[in-house]
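Below is one structure; the comments refer to it alone.
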Amino acid sequence: MICIDSDCIIDFLKGKEKAVKIIEQYKEEVMTTEISIFEILFGIYIKKDINEKEQFAAKEFFDSITVFPFDSECGEISAKILTFLIKKGMRIEQNDCFISSIMIKNGCERIITRNKEHFSRIKDIHVISY
């Protein structure tokens, strides 16, 4: 199982070649999180004029893959991860921490992302860059 981070999903939906190729390469193994759904849809809805084609493409994409939820166990895992990183002076974005906790809870150790800096700080996560 491989998690697709929001940046890769955005690039894929925009038809960027590297993202399309890497998702195609791992298509049988990919999943994402409810946090990425939020991030993608927020980006669509925050625009002055909502693009219905973008909205439809995003929803269609999410319907085509497994999406794992954020629950109370993820809340505990993410709190532990984030406090550990803050104490080490290696803070990451809260949403990245939420995504990581969902991955860890569901036994997913790999993530496809351009955000190697943040995700590589988490012990149990292996970053696949593209």
*Could you tell me whether the range 1-83 comes out rounded, prolate or oblate from its Cα gyration tensor? Rule is a ≥ b ≥ c as square roots of the eigenvalues, rounded for a/c under 1.5, then prolate if a/b exceeds b/c, otherwise oblate.*
oblate
*Exposure proxy order (Cβ contacts within 10 Å, fewest to most) of Val127, Val30, Val67*: Val67, Val127, Val30
*Residue-averaged 222 nm ellipticity for the chain, from DSSP H runs of 4+ at -39500 (n - 2.57), nearest 500*: -17000 deg cm²/dmol
*Pairs beyond 20 Å (Cα-Cα), from Lys88/Lys123; Lys16/Lys53; Lys18/Lys116; Lys80/Lys105; Lys14/Lys59; Lys21/Lys116*: none
*For Gln25 and Phe56, FRET efficiency with R0 = 30 Å and r from the beta-carbon atoms, rounded to 0.05?*
0.75
*Which of Asp96, Asp11, Asp49, Asp63 has the fewest Cβ neighbours within 10 Å, and the rest in rising order*: Asp49, Asp63, Asp11, Asp96
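Quick note: the coordinates plus some simple rules give every number you see, no bench work behind them. Keep in mind the model is a prediction, meaning the values are calculated, not measured. Cβ atoms come from the backbone with ideal geometry, glycine included; neighbour counts cover every protein chain shown.
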